[in-house]
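The values are calculated or read from the model by the stated rules, or taken from the named source; none is laboratory data. Predicted, not measured: the structure shown is a model, and the values here were computed from it. Quick reminder, even Gly has a Cβ in these numbers, built from the backbone with ideal geometry, and neighbours come from all protein chains shown.
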Amino acid sequence: MRRGLISQSKAELPDAALDARIALVRAAMREARHDALLLYSNNTRPAAVSWLTGFVPYWSEALLVLLHDRPPVLVVALTYRVKRWIEATSRIAEVIHTPRLGAEAGRLIAAVKADAALAVPDLAQMPAGIVEDLRAAGPRLVMTDATSAFASLRAKADPTEIAFGAKATWIAHRALAAPSPDYIAGGNLNAIIAAIEGEARRLGAEEIYIAAAPDLARDARLRRIEGEATPGKSFAVRASVAYKGTWIRLARAFADRELIQEATQCLSTAVAGLPGDRGFAPFASWLIEGCRVAQPLEPLMGSRIESPTAPRPGALLSVQAQVQVGSQAILVGAPALLGSAGEAASLLIHPVFP
């Protein structure tokens, strides 16, 4: 469940930006001869619905129904008392409340066209009960998995999404810089994490998750810290921050500054070669994440990814790597923007801190 403030700002997310995205999707629907599009959302997979409407759920489930000649309709498994909140924080023509999402969405689509061709991105990820209710309510509906088609439409970040990514990055950078030298010298990792999270929420993060590698000399893997933890001589903390439905990851290594700068330059050079992965070959481990459909940070490429998905030109990504500088392991990570065809990718910010 989210704990940060979710609000709507038409200055940050203008109607024109959402209208352009919907027009793009409808054009693709017409070309593929799809009569309707159905998108699933919950608090861990909100990105597809958020991209088209601005709706970001605190909890529960929802289905977005998009037809050719009607404004978007959101079917939610929430009580009527949150109707005003949904309408105030998103751009949706109608909100329907029901515990049976699939049945209501199926009836809505079948009432327009009983044998509608229905595109469903991430169909395999949709709960089985919802799919069964869809089939029962619209037995003649023809459902097609439209994951690849939808992913290609939202692959390139538009100016609004880039702005949200930049704001989330700014929040993460300020938050990771928040622990005072006394906190760092005090050797209390929980106090450091608390300072980071508190600053991120003060600056407007909708959500923030903290992971840490308490001792880079022993283990550079990031994990959630539970209970007491004492940091080693060198350690790392990663902040995953959401702002207006856009997620980024930014890591801070607490180690010798010259080593961090060298590791950051290695990361920047590797990122410049994307979507190719040759620049990452020297790293002990690396990971690139981005949003394809509904998962905000989906693993795309990496040292442990068996079936990589190359990011498309213009994608907003989060990149992290373990860089060996001499005998020291340094963990670095930051958001990156993949250039258009023929242009180099670049980090949105270099993860070097005061």
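Summary table below
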quantity	calculated
Residue that is under 20 Å from the mean Cα position of the chain (by Cα) and surrounded by 24 or more Cβ atoms within 10 Å (Cβ to Cβ), where the choices are A251, A263, A310	A251
Residues being in a loop (DSSP other than H, G, I, E, B) and within 20 Å of T147 (Cα to Cα) - total across the stretch 279-305	8
The lone exception for I192 - which of (1) more than 23 Å from Q328 (Cβ to Cβ); (2) in contact (Cβ under 8 Å) with a residue 24 or more places away in the chain; (3) touching a helix residue (DSSP H, G or I) at 6+ places or on another chain (Cβ under 7 Å) it fails	(1)
Residue count for the stretch 55-76, restricted to those that are of a type in the set (V, I, T) and either outside any strand (DSSP E or B) or surrounded by fewer than 22 Cβ atoms within 10 Å (Cβ to Cβ) (or both)	2
Criterion violated by A28 - all others in (1) closer than 24 Å to W247 by Cα; (2) of a type outside the set (K, R); (3) over 17 Å from the mean Cα position of the chain (by Cα) satisfied	(1)
Any chance Q322 is touching a residue at least 40 places away in the same chain (Cβ under 8 Å), of a type in the set (S, T, N, Q) and not in a loop (DSSP other than H, G, I, E, B)	yes
Segments classed as helices (runs of 4 or more DSSP H), wholly inside the stretch 120-195, with at least 2 members that are touching a Ser or Thr at 6+ places or on another chain (Cβ under 7 Å)	159-176
Meets criteria (part of a strand (DSSP E or B) and buried (at least 17 other Cβ atoms within 10 Å of the Cβ)) for L274	no
Residue match in the stretch 117-127 (condition: surrounded by 17 or more Cβ atoms within 10 Å (Cβ to Cβ) and β-branched (V, I, T))	yes
Members of the stretch 207-259 that are outside any loop (DSSP other than H, G, I, E, B) and β-branched (V, I, T)	I208, I210, V237, V241, T246, I248
Flag for A229 being among the aliphatic types (A, V, I, L, M) and under 24 Å from A336 (Cβ atoms)	no
Filter result for R81 (surrounded by fewer than 18 Cβ atoms within 10 Å (Cβ to Cβ), assigned by TED's automatic domain parsing to the domain that holds M126, at pLDDT 95 or above and not small (G, A, S))	no
Hits in the stretch 148-165 (condition: closer than 16 Å to G245 by Cα, at pLDDT 95 or above and buried (at least 18 other Cβ atoms within 10 Å of the Cβ))	A157, T160, E161, F164, G165
Sole exception among (1) surrounded by fewer than 13 Cβ atoms within 10 Å (Cβ to Cβ); (2) basic (K, R); (3) in a loop (DSSP other than H, G, I, E, B) for R30, by number	(3)
